[in-house]
Structure formats: C-alpha cells, structure tokens
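Visitor: Can you keep this structure in mind? I'll have questions shortly.
The values are calculated or read from the model by the stated rules, or taken from the named source; none is laboratory data. Remember, it's a predicted structure, so these values are computed and weren't measured experimentally. Here Cβ is always computed from backbone atoms with ideal geometry, including for glycine, and neighbour counts include all displayed protein chains. To get the accessible areas, we keep the full protein, side chains included, count just its heavy atoms, and leave off ligands, DNA and RNA. Shrake-Rupley method; radii C 1.70, N 1.55, O 1.52, S 1.80 Å.
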Amino acid sequence: MYVAVKGGEKAIKSSLKLLEKKRKETGTKSIEINQIKEQLSFAVDRVINEGSLYDKDLSALAIKQSQGDLVEAIFLLRAYRTTLERYAYSTAIDTSKIIIKRRISASFKDIPGGQILGPTFDYSHRLLDFSLMKEDEINSYENINNQEPKNKEFPSVIDYLNNENLLEQEINNLNDNPFDVTRDPMKFPASRDQWMQILARGDEGFLLGLSYSAIRGFGSKGTHPFVGEIKYGIVDIFISPDELGFEICIGEIEISECQMIDQFEGNKNTPPQFTRGYGLTFGYNERKSMAISIVDRALKSEGYGEEIKFPIQDQEFVLYHADNVEAQGFVTHLKLPHYVDFQGELNLIRKLRNEILQGKKL
Amino acid sequence: MKTGFNFAYLDEATKRMIRRKILKAICIPGYQCPFGGREMPLAYGWGTGGIQVTASIIGKQDILKVIDQGADDTTNAVSIKNFFKRVCNIMITDRTAEASLIQTRHRIPETTLNKDQIIVYQVPQPEPLRKLEPKEKETRKLHAYKEYALMHVKLYEEISQFGSVIKTWAYPVETNNRYITDPTPIPKFDNPKMNNMEALQLFGAGREKRIYAIPPYTKVKSLDFDDHPFEIQTWDECCSICGSTKSYLDEIIINNEGKKNFICSDTDFCKSNLEKNK
Ligand SMILES: [Zn+2]
C-alpha cells in the first residue's frame, strides 16, 4: 500500500539539524556577538529598524542565529518584541538636541552649525579592499583630528524657510493616543502617525524602489525633491510617568533623520508652497530615511488634493505591502501544501476539458 | 513543566482583547472584526491568525487537534502542534471526535462536529470581495450596504463563460442571510458542513488582522442561482486505502508513468473508516 509522504515530526527535526550543521560543519571559529555588533553595524542597524526593537545586542544575536539572512533576523526580533511588556510611551524626541555625527544639507551651501560629513561611504571608491582578506588586528586605526562641533543644538535647517511662509508648517496634530501599529489594526484613510510607523519598520528595499519610482517619473508631477537636511547622531529618550509629573531621561539612541523639500503647485485656496517629506529611522540608516521622506510626501498627496495616479501615492498599496515580515510570510506560505485546493482545480479542469472536447457544452 | 512563556504564549491582556473581538464577531455572524493582531513566532500566512484565536480560548483541560489539508501529520500542522505543546503543555489528539478544539487549514473534518467543539480556521484572506475590489476602504462600504452585485456578476460571468461557477475552493457563502463570507480555502466540498453546524466556527486572519465567526446553528448558504444550483465535487474513484466514496480525495501520483491513486484527505476519517470496515 502506498503511504503518502506527508513529512511530519521526524522531517522537521532533521531539517533543523541540517540547518545547524550548515553553520557549523566546516569548523570555522564562532563569530562573537560583539564582532557582529561592531563590524557589521549597518546590518545590525537595519535589523533594529525593521525588527522595530532598539537592541543592538539582540539584533546581532538574531543575525548570527539567522546565519546572515536579515529578513529572517528581523522576523526573530519581531517575534521577541511582541512578548515584551509595554511600560510606557516615550515623549516625542527632540532631534535638534543631538550629539551630531553627520549633518548635511543639499539645499543650502552653508548652514548655521556647519555641514558635517561624518562617516560615510559616499565618497569612497567602491573598490574591493583586498587587504581585508587577511586582517589580524583591528585595534589600530588612524585617529583623525575630529573637531567637536561647537553647537549643542541643531535646529531644523529648513525651518528658515518658514520665515517667508515658503514652506508648509509641520503641524503637531497628534492626539494623546498616537496610533500604535504594533497594537492597532490598519485603518483607512490612514493617519500620518500610522504611516510613519509603518514606513519606519517597512522593508528598506521596497521603500527604496518606491521612492525611486517617484523621482524617476511614477510620482506626482515628476518633480525632483531637495534634501533639506540629513542628520545622524544620538538623542535622549524621555518618558513622563503620570505619578512623577515630570520627564525623566531613560537612555539614548542613535537616529538618522531626513527632511526632504518638495513642491506643491497650490490650488484655488492655497498659493504655491514647498512641502515636506520626513523620514526617521533608528541607527545609521540614511538611505532608508531618505526613501521614507519621499514616500511620506507622496502619501500626503491625498491631503493636498493632488490626483492619485501612481502606486507610491496609494495608501493601501504602500502601507499594506511595506512590511517584510508580513510579505515574506505570505509569499513563502505558497510552499505549504495546497493539494486539497489543487485537487479541486484538477477536478474542474478535467471536467471542463471533457465537456468541450465532447462538444456538448455551450 | 515550565515553558518560559505565559500559558499559550500570549499575555493575558492580549488574550482578553482577542476574546472580546471573538464575542463581537459571534454577535455579528460573518462580519470581519478588526483586531490588534500580534506578531507571532510563526510566519504570517502560516496560520498566525488561527494560532492567536486558539491561544486566546484554549484552556488547560482542552484537547487540541490541528490539521492541514485534512491531515494531522502534515509538516505545518505538526509545527503548530509542537508550538502549543511547548507553550501550553496540553493534550493533543488526532481523533476528531475526541478534540474539544480543532485548528484547521483548508479542510473541515469529515466527521460531523458537535456542540461541545470549536473549530478554528486559519484565514489567508478574510475579504471575499478582495479579488474584485482591492481597496479595503471600498469593500467595507460594500459590506455595510450589503451591496454584493460585484460578486453575483462575477459568478454569472463564470457561468456564461464556462457553463458553471469555476470556483472550486474558497467558494463564497452568505452567512445568516447577511454577510458574504470567505469560508477560507476549503474545497467547496466542505461548504455544506458549515451550514447549521453544531460547533462554533471561528476564523482568524493574522496578517490582515481580522476575526470573524459563525455561531452554532447558523444558516450558511453557498452562493448560487436557481437555474445553476451549487454543487460539490464528486469522484469516479474511491479511497484506495479505506474504500470511502463519501470523502474528499487527494490524488497521488504513484509511478513515473503518472499512474494515480486516490486517498482520503482526512487522515483520521480514513483510519477510522478502515478500522470500521475490518
Ligand atoms: Zn480513506
């Protein structure tokens, strides 16, 4: 008697062992969590963002456990964060009070506080550095003469445009209970707090592609946005417990922030004005913060009364499909067995073919 | 046994939130109730909605059965059972009649369910109108106005093109004369079992964050037309293991020449049928 091969207990156990073997079989040295954290810091920063949990140690652990599959690492971190208790919501961070590591504006040649290039791949030549193939010690590095920025505060550069009313105001329209994408089901039309959270933890590749589509021609008016300001640095996090009645600092986090300036032609009631797109991420994720700022601006189209023509302007299209934990789960579920449904299709297609081949139908 | 997690993984506040949504869903049969779905350690699309519903209602005395494609031993069913064993340490069974709680993907067991049982469906896409209207903002309105012309036209077009409705699974139903409901990707063969079922039917969609329900003894009608009544699948063959002619059959290719055999998709039914016929 033929017995259907339906996997099961033993197959799962063996599969997990094979996965572990894949990591260990060549007997190389185990990577330390610290090494991942310090030497693969961009990967670690991507995972804390899309995993939406600011914990670089756990992020490094997830990267190690997932053997470098970052989407898998993000999934691990998400599944961990969901079990954590919510003690408090922090107050909004103030990104003008920042220990600055990098700050540039593409819109103004000079800005109060100065342009600070900081660490960036931007002007590196993308040539493989073969000296890294065998690198024994990494504790020697050139100590560059890093001038400490004099300023302690870096107010948003583009707010200078506010003096002339050339730029739309960033209105604080948050109520006391901001949307919480990790607790509340999606609703449409989406509010800005809702979409900013989804973009912050959305898939970098998806958002990059969307933002590219907009500036290449599949975006409103085909305009070219300007980088008002990009910041990367360290800010304090505060909470304000009811029983205390004042704010206390509970720690600091690294952030990347992008303020994008875009155009708006105006309408009957509103004269033309510059509009804004805003992007904020954990850690050093400048490229993603830029992508978010472009998507943010596009999602505001409906509010400006602009015609919704392109995917990036479509709230449901963007927000339902940006999350890679959801996307990878649903795409890969296609490898689960579907033979019951497929049997239904087989059954039907045979019936339809028979009917047509016998010429008895229609 | 200590699991290191709260009983059934979810914290009690989350379970309470989900149970409230379940109660609301039961009060409005077939209505898709949004809920604050949590991220689970299993992938979206692999049963996270069903798992959250099960985790919220399961108790220490429950006996759980999990099936995928009708079978207890498919990998994902095994994986979900392992999850609940790990975080609940409860009794697991393969026997439909023994289970108090049945979580399923793509099938309803052949054995008639009774009033002391609950069946939890894993739902990939809760919105039966989604393929006809991609926007959630619009489909919610269509349900609110009971405006289902889109669906009826779709079925009519299939009949005029193919001579019959060609939907063979996830065949839409009307619940309690009100909401058009997605029965999940069960074969239409199983649709009649939903009608007037004694057991409570709960549906969990994790990725889409929706819960809906069909209370016991509720009318569930598969959509059709008077001159084209709803029909279920039939086979010329019988199960090659137990000889059943009444169950849903899976087709199995048994050699390189493509010779095929048919066996029951419901493994527990097949086994008991075989024992009965011995
Ligand atoms: Zn059988």
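Visitor: With a 1.4 Å probe on protein heavy atoms only, work out how much accessible surface A and B bury together, total over both chains, in Å² to the nearest 100.
Guide: Approximately 4600 Å², summed over both chains.
Visitor: With 10 Å bins from zero, work out the P(r) of chain A over every alpha carbon pair and list the percent per bin.
Guide: Taking all Cα pairs of chain A, the binned fractions are 4, 18, 27, 23, 14, 8, 4, 1, 0 percent.
Visitor: Connecting C-alpha atoms closer than 10 Å in a GNM of chain A, tell me which of A:244, A:348, A:61 has the biggest fluctuation.
Guide: Largest GNM mean-square fluctuation: A:348.
Visitor: Keeping every protein chain present and rolling a 1.4 Å probe, give me the accessible area per residue for the protein assembly as shown in Å².
Guide: For the protein assembly as shown, the per-residue accessible area is 53 Å².
Visitor: Let me cross-check residue B:160: its accessible surface, 1.4 Å probe, with only protein heavy atoms counted, in Å² to the nearest 10?
Guide: 70 Å²
Visitor: Let me ask something else. Quick one: order B:106, A:321, B:152, A:125 from most to least accessible surface, probe 1.4 Å.
Guide: In descending accessible area the options line up as A:125, A:321, B:152, B:106.
Visitor: What number results when the radius of gyration of the stretch B:12-222, computed over Cα atoms, is divided by 2.2 N^0.38 Å?
Guide: On the way: Rg = 16.7 Å, N = 211, 2.2 N^0.38 = 16.8 Å.
That works out to 0.99 for the stretch B:12-222.
Visitor: If packing is taken as the average number of other Cβ atoms within 10 Å across a peptide's residues, how do A:273-282, B:255-264 rank, most packed first?
Guide: A:273-282, B:255-264
Visitor: Which entries of B:115/B:276; A:64/B:85; B:15/B:60 show an alpha-carbon separation above 20 angstrom in the structure shown? Walk me through the numbers on the way to the answer.
Guide: Numbers: B:115/B:276 24 Å; A:64/B:85 27 Å; B:15/B:60 15 Å.
As for pairs spanning more than 20 Å Cα to Cα, those are B:115/B:276; A:64/B:85.
Visitor: Moving on. About the Cα centre of the stretch B:234-278, how large is the charge dipole given +1 on each Lys and Arg Cβ and -1 on each Asp and Glu Cβ? Please answer in debye to the nearest 20.
Guide: Magnitude of the dipole: close to 200 debye.
Visitor: Using Cα-only point scatterers and the Debye equation, what is log10 of I(q)/I(0) for the stretch A:12-73 at each q in 0.12, 0.13, 0.26 Å⁻¹, rounded to two decimals?
Guide: Ignoring solvent entirely, the Cα scatterers give -0.31, -0.36, -1.02.
Visitor: Right, something else. What is the Cα convex hull volume of the protein assembly as shown when expressed per residue in Å³?
Guide: Dividing the Cα hull volume of the protein assembly as shown by its residue count gives 233 Å³.
Visitor: While we're here: Could you give P(r) for the stretch A:33-150, binned at 10 Å from zero, as whole percent values over all Cα-Cα pairs?
Guide: 10, 26, 34, 24, 6
Visitor: A follow-up question, please. Go from 0 up to the bin containing the longest alpha carbon distance in the stretch B:234-278, width 10 Å each, and give me the % of pairs per bin.
Guide: Over the stretch B:234-278, the share of Cα pairs per 10 Å bin runs 30, 50, 19, 1 percent.
Visitor: The stretch B:181-278: percent of C-alpha pairs farther apart than 18 Å?
Guide: Of the Cα pairs, 62 percent sit more than 18 Å apart.
Visitor: For the stretch B:82-155, what is the largest minus smallest coordinate of the Cα atoms on each principal axis, given in angstrom and ordered from greatest to least?
Guide: 45, 28, 18
Visitor: Hey, in the GNM for chain B with a 10 angstrom Cα cutoff, which one of B:83, B:230, B:162 fluctuates hardest?
Guide: B:162
Visitor: Now for a different question. Which number do you get for Rg(Cα) / (2.2 N^0.38 Å) in the stretch B:1-116?
Guide: 1.04
Visitor: Sorted from largest down, what three extents in whole angstroms do the Cα atoms of the stretch A:245-310 have along their principal axes?
Guide: Per principal axis, max minus min of the Cα coordinates gives 47, 34, 17 Å.
Visitor: If I compute solvent accessible area with a 1.4 Å probe over the protein chains, what percent of it on the protein assembly as shown is carbon and sulfur?
Guide: Taking all protein chains in place, the protein assembly as shown shows 55 percent carbon and sulfur surface.
Visitor: Do any residues of the stretch B:43-76 show a loss of at least 30 square angstrom of accessible area between the isolated chain and the full protein assembly, using a 1.4 Å probe, and if so which?
Guide: B:43, B:44, B:45, B:46, B:69, B:73, B:74, B:75
Visitor: Radius of gyration and Dmax for the stretch B:127-184's Cα atoms, expressed in Å?
Guide: For the stretch B:127-184, the Cα radius of gyration and maximum Cα-Cα distance read 11.5, 33 Å.
Visitor: Taking loop as defined by DSSP and a crowding limit of 13 other beta carbons within 10 Å, which GluC sites (Glu not before Pro) in the stretch B:148-199 fit?
Guide: Answer in residue order: B:198.
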